[in-house]
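Values quoted throughout were computed directly from the atomic coordinates according to the rules given, and no laboratory measurement underlies them. Predicted model, so just to flag it, every value in this text is computed and none were measured. A quick note on method: Cβ atoms are made from the backbone with ideal geometry, for glycine too, and the neighbour counts reach across all protein chains shown.
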Ligand code: SF4
Ligand code: SF4
């Protein structure tokens, strides 16, 4: 077991006996570089192997759908493990190049929630484009979305925004 992961997920990762049910049921696994059960195995094996996983696409591509968790005979909380690995990968700046857009999206979304207490699509799109320098992608879709009322120009704030800010500070 890796030292760095020990305190957070030791209790369930050690229970994995590599039956592969998680990988067999994962809809995203065809796009991953390591299958979900392999991610758990690398974490069991220790720090050198965890490093491989921190630089992988798998942890970022996981959709957190919980299918693996519900199928696992050992109640290994793989979606939680994936989240922890993403957090560590981001802190150590080991993110796979193909996953940088995913992190940019996460940050843009969370910044909006922090500011307004809910998602503000136009702000999300703007910040995401600035973070990824992908300014013109999907721009032609904008008129149709505006026409159908899918994009609001002004953000709507929730009433108890202070509470959301406290949650962000604590997390
Ligand atoms: S389903 Fe559970 S026990 Fe089986 S390989 Fe996946 S994590 Fe391990
Ligand atoms: S939570 Fe992640 S690893 Fe588990 S089945 Fe869903 S996408 Fe796959």
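Rounded to the nearest 0.05, the FRET efficiency derived from the C-beta distance between residue 110 and residue 55 at R0 = 25 Å is 0.65. In this structure, residue 163 and residue 87 have a Cβ-Cβ separation that, at R0 = 30 Å, corresponds to a calculated FRET efficiency of about 0.85.
Using only the Cα atoms of the range 38-115, build the gyration tensor, take square roots of its eigenvalues as a ≥ b ≥ c, and label the shape rounded, prolate or oblate: rounded if a/c is under 1.5, else prolate if a/b is larger than b/c, else oblate.
Working: a/c = 2.34, a/b = 1.31, b/c = 1.79.
It is oblate, given that a/c is not under 1.5 and a/b is not larger than b/c.
Descending by average beta-carbon neighbour count within 10 Å, the peptides 12-25, 123-136, 78-91, 146-159 line up as 78-91, 12-25, 123-136, 146-159, the highest first.
Determine the shape class of the range 97-164: with a ≥ b ≥ c the square roots of the Cα gyration tensor eigenvalues, call it rounded for a/c under 1.5, and otherwise prolate if a/b is greater than b/c, oblate otherwise. Note, shape of the range 97-164 comes out oblate.
Between residue 14 and residue 171, the FRET efficiency from the beta-carbon distance, with R0 = 30 Å, is close to 0.65.
Between helix 161-170 and the chain there is an angle of about 30 degrees, using the helix long axis and the longest principal axis of the Cα atoms. Helix 36-45 and the longest principal axis of the C-alpha atoms of the chain enclose an angle of approximately 60°.
Take every pair of alpha-carbon atoms less than 8 Å apart whose residues are at least six positions apart; their mean separation over the length of the chain yields a relative contact order of 18 percent. Compared with the alpha-carbon gap, the fully stretched path from residue 71 to residue 140 is longer by 20.7 nm at 0.36 nm per residue. In the chain, the DSSP-assigned H stretches of four residues or longer account for a calculated mean residue ellipticity at 222 nm of -17000 deg cm²/dmol, using -39500 (n - 2.57) per stretch and the full residue count as denominator.
Which shape class, rounded, prolate or oblate, goes with the chain when its Cα gyration tensor gives a ≥ b ≥ c as root eigenvalues, a/c under 1.5 marks rounded, and past that a/b bigger than b/c marks prolate? Judged from the Cα gyration tensor, the chain comes out prolate (a/c at least 1.5, a/b above b/c).
Relative to one another, the C-alpha centroids of the range 24-41 and the range 116-162 are positioned 32 Å apart.
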